[in-house]
1. When the helices in the chain are scored as -39500 (n - 2.57) per DSSP H run of 4 or longer and the sum is shared across all residues, what 222 nm value do you end up with, to the nearest 500 deg cm²/dmol?
2. Mind computing the radius of gyration and Dmax over the alpha-carbon atoms of segment 165-316? Å is fine for both.
3. Given Cα pairs under 8 Å that are at least 6 residues apart, what percent is the relative contact order of the chain?
4. How do Thr37, Thr18 line up, fewest other C-beta atoms within 10 Å first?
5. Run the numbers on segment 1-160 and let me know its relative contact order in percent, using alpha-carbon pairs under 8 Å that are six or more apart.
6. What order do you get for Tyr173, Tyr38 when you list them from fewest to most C-beta neighbours inside 10 Å?
7. What dipole magnitude, in Debye to the nearest 20, does the chain give about its Cα centre under +1 on Lys/Arg Cβ and -1 on Asp/Glu Cβ?
8. Summing Lys, Arg as +1 and Asp, Glu as -1, what charge do residues with Cβ under 15 Å from the Cβ of Ser166 carry, Ser166 excluded?
Amino acid sequence: MVFQLSPKEAKFLKLVQTKTDGKLEIKKNLSLGAYSTYQTGGRARIAVFPKNIDQALILFKLIRDLDLEFTVIGGGSNILISDRGINGITVMLTGLAAFEIKGQLLGVEAGFSSHKLAHLALEQGLSGLEFLTQLPGSIGGAIYMNARAFGGEISKVIHSALVVDSSGSQLEYRNQPGDFSYKRSPFKLKDQIILKAYFKLITEGKSKIREEMDRIQQTRLAKQERKYPSCGCVFKNRRDLGKPAGKIIDEAGLKSLHTENARVYESHANFIVHNGRADSQEIRNLMELVKTKVRQLEGIELEYEVEFVGDWSEYQ
């Protein structure tokens with residue numbers, strides 16, 4: 001397959017290589033299956049892998065200046081990538097994984113694993129991030145979606161963040177009451193990209209922290225949440241009804257719903273898993289079917305938590 005660059009793409013690649021001294025990793029026509037927890041999806045036209053914040057700032061500034069279409073991917077959870085792939089520039093943030101510790105303040109870059117962050121905090125005797133245990137994906141995505149579980153929530157522990165705004169400028173964010181809500185963050189609302197975050201934690205005995213992490217891990221393992229490829233929870237909980245989405249789907253009798261290769265997960269009805277042979281289209285079709293049937297059977301409109309990445313024009 002011959003890969004043709006547009007004039008703007010060619011200019012971007014030339015400039016970004018010059019400004020990063022040729023050290024920015026770039027891959028063209030990259031297959032994306034290995035970059036999401038669903039293990040599906042087409043190809044990224046141009047994928048870039050910044051290794052540090054300086055590189056990230058350079059490339060985001062160029063992307064904004066040249067008005068290029070772009071997509072940001074971190075740990076690849078909570079997304080479903082189209083089989084048609086991703087146009088424009090795909091920015092992979094997993095290379096941003098440095099951290100620093102200043103007393104009770106723990107700073108990590110956006111590509112740092114959420115699960116590993118919980119263990120890093122444990123090593124330092126810092127409590128507040130136990131709920132990230134066994135959570136897939138990177139901390140940037142967890143912040144972006146205001147991840148919450150087992151009584152913990154990002155909004156309760158985040159202190160500040162370094163972000164890039166819509167002009168490509170670097171800004172510092174400091175957490176304020178009311179900035180976060182259920183599955184919402186100020187970064188999502190303001191179209192800002194998180195590069196680094198600081199968490200204000202509490203000093204605690206390691207044995208107590210480890211006990212809570214073990215409890216969370218055993219609960220997740222009992223549900224076998226990571227046994228099959230998935231994105232995690234597909235739909236947001238209906239907090240107005242006081243019901244988790246999984247309970248709504250279960251009560252509608254949809255745990256047996258399946259296609260050839262994908263199914264509503266019997267251990268967690270808000271998960272749609274597959275056997276390793278499904279493509280993104282088959283998975284999305286089953287998601288849409290669940291959504292439709294819940295509306296018809298229960299009169300409840302479910303809202304997606306999963307983010308659909310790439311070309312999904314057939315659903316628009």
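We did not get these values from a lab; they are worked out from the coordinates using the rules stated. Since the structure is predicted, the reported quantities are computational estimates derived from the model, not experimental observations. Every residue, glycine as well, gets a Cβ built from its backbone with ideal geometry; the counts of neighbours run over all protein chains shown.
1. About -8500 deg cm²/dmol.
2. For segment 165-316, the Cα radius of gyration and maximum Cα-Cα distance read 18.8, 53 Å.
3. Details: 641 pairs, mean separation 53.7, N = 316.
Relative CO of the chain lands at 17 percent.
4. Details: Thr37 18, Thr18 10.
Going from sparsest to densest Cβ surroundings: Thr18, Thr37.
5. Working: 282 pairs, mean separation 28.2, N = 160.
Dividing the mean separation by the residue count of segment 1-160 yields 18 percent.
6. Working: Tyr173 21, Tyr38 28.
Ranked by crowding around the Cβ, least crowded first: Tyr173, Tyr38.
7. Numbers: 44 positive and 37 negative charges, 57 e Å.
Taking the Cα centre of the chain as origin, the dipole is about 280 debye.
8. Details: positive: Lys61, Arg64, Lys188, Lys190; negative: Asp65, Asp67, Glu69, Asp165, Asp191.
So the environment of Ser166 carries a net charge of -1.
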